[in-house]
Amino acid sequence: MARSEGDRCPGVLAVHQAADGGLARVRVPGGRLTSEQVDVLRRAAADLGDGRLELTSRANVQLRGLRPDGPRQLSDRLYAAGLLPSLQHELVRNIVASPLSGLDQRSRYDVLPVATALDRALCNRPALADLPGRFLFTLDDGRGDLADLKADVAVRALDDQSALLSLGTRAVGVQWDQVPELMLAVAQAFLDVRDQEWRIAEVPDGAGRILQRLGLQSTEDVPTKATQLTAGRYGSALVVTVPLGSLTPEQAAALSQAGDDIRITPWRSVVVPVSTTGLAEVGLAEVGLITTPDSVWEGVTACAGRPGCAKALADVRADAARMLPELRRDGRRVHWSGCERRCGKPAGRFVDFLAVGNGYLMDGKRV
Ligand code: SF4
């Protein structure tokens, strides 16, 4: 398996050893899973790990507490379920798409088929298995929801014919049928111009050099304001918030029964097309998933904390659950961290809760 030197991003084959056992990250390009795939993940977590499925800030899924023979069995199950199509490319299939794509009126173009085409083309390029695990592709359906993710190469829909391809603040107008090939050409050009850098933004004048190498004339991109989904109905979709981004076995089972097209979002929530929900909406709420926008769990994230992480100074998840009902935060996002690394922190601004051994700092002030 290709892996950039010093790249510690976990995968299914490159399992990270945490204090509570192996941690495997399953890439889910476009965030899209069938109900069968959710069920495969749920069973794998129950049989091989601690039973939970964690959602990540790039709309991937993690399993924790894997026993020593877990990774081998997990990779066999994922391969059979179509979730591990290329062993060489597993760490580099980092493709995030607008989760409501094609489901409401703000969607200018359905980018999910483009995400599938991009993933297939990526897995067919042996050289691109050398991309760092942090390199990110995003496909925005025009609403600007992914702006905070700071992708290496981002495409945003203008209409059903055309889009803007952006590298940082430089943008090029493109047609949709060019998009997968152009995104991969950018990725290859990054590998050609980089030294040890992991992101285009880290390469001196990386965007300019890559665009010049590809013969593309760019203009200044107008930044979009990121939007974030809260739980509730959107067009023909139901957005379900997952408390602290961690699905219990019962919640995963309820989701797999809610519909065939399940979409993980980068905000620790899940989109279920409404045509397939019906009574399942009630079932999702009954197992503790959030289906309305007024919950204290909305916009709250936390790192693993104790006992999963050896560096943690506190059980941040339990402390968050205990302190949340009392917390005044005026709709702002909140992230709880067990140490200064602040793993899993959200993109953009947030209220910062940091464990310091004998309590917490909130935005640097003791609480
Ligand atoms: S922020 Fe610190 S305590 Fe939390 S998971 Fe990361 S390393 Fe562990």
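The values are calculated or read from the model by the stated rules, or taken from the named source; none is laboratory data. Everything quoted here is computed from the prediction, not taken from an experiment. Heads up, the Cβs are rebuilt from the backbone with ideal geometry, glycines too, and the neighbour counts pull from every protein chain shown. Only protein heavy atoms, including side chains, enter the accessible area calculation; ligands, DNA and RNA are left aside. Shrake-Rupley method; radii C 1.70, N 1.55, O 1.52, S 1.80 Å.
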Checked the stretch 91-139 for anything over 16 Å from the mean Cα position of the chain (by Cα), open to solvent by 10 Å² or more (accessible area, probe 1.4 Å) and over 20 Å from LEU238 (Cα atoms); matches are PRO113, VAL114, ALA117, ARG120, ALA121, CYS123, ASN124, ARG125, PRO126, ALA127, ASP130
Is it fair to say ARG306 is within 18 Å of the chain's Cα centre (by Cα) and either within 10 Å of the ligand (Cβ to nearest atom) or outside any loop (DSSP other than H, G, I, E, B) (or both)?
no
Could we say that ILE264 is over 15 Å from HIS335 (Cα atoms), more than 16 Å from the ligand (Cβ to nearest atom) and under 18 Å from the mean Cα position of the chain (by Cα) here?
yes
Go through GLY70, GLY82 for me and flag whichever is on the phi > 0 side of the Ramachandran plot and surrounded by fewer than 23 Cβ atoms within 10 Å (Cβ to Cβ).
GLY82
Test: ASP192 is more than 24 Å from the chain's Cα centre (by Cα) and acidic (Asp, Glu)
yes
Candidates GLN17, GLN73 - the one that is in a strand (DSSP E or B) and over 26 Å from LEU128 (Cβ atoms)
GLN17
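Sort out which residues of the stretch 144-171 are farther than 27 Å from SER57 by Cβ, touching a helix residue (DSSP H, G or I) at 6+ places or on another chain (Cβ under 9 Å) and touching a residue at least 24 places away in the same chain (Cβ under 8 Å), and write them in order of number.
ASP160
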Considering the stretch 333-358, residues that are in a strand (DSSP E or B) and of a type in the set (Gly, Ala, Ser), and then whichever is farthest from the ligand (Cβ to nearest atom), we arrive at ALA355
Restricted to the stretch 309-332 and to residues being among the small types (Gly, Ala, Ser) and away from the ligand (no atom under 13 Å from the Cβ), the residue farthest from ASP145 (Cα to Cα) is ALA318
Selection over the stretch 182-213 where residues are loosely packed, with under 13 Cβ neighbours inside 10 Å and closer than 25 Å to ARG120 by Cβ yields a count of 1
Please verify whether ALA285 is part of a helix (DSSP H, G or I), in contact with a strand residue (DSSP E or B) (Cβ under 8 Å, 6 or more places away or on another chain), among the aliphatic types (A, V, I, L, M) and more than 22 Å from GLY348 (Cβ to Cβ), treating the condition exactly as stated.
no
Looking only at the stretch 214-221, decide whether some residue is small (Gly, Ala, Ser), at pLDDT 95 or above and in the same structural domain as ASP145 (by TED's automatic domain parsing).
yes
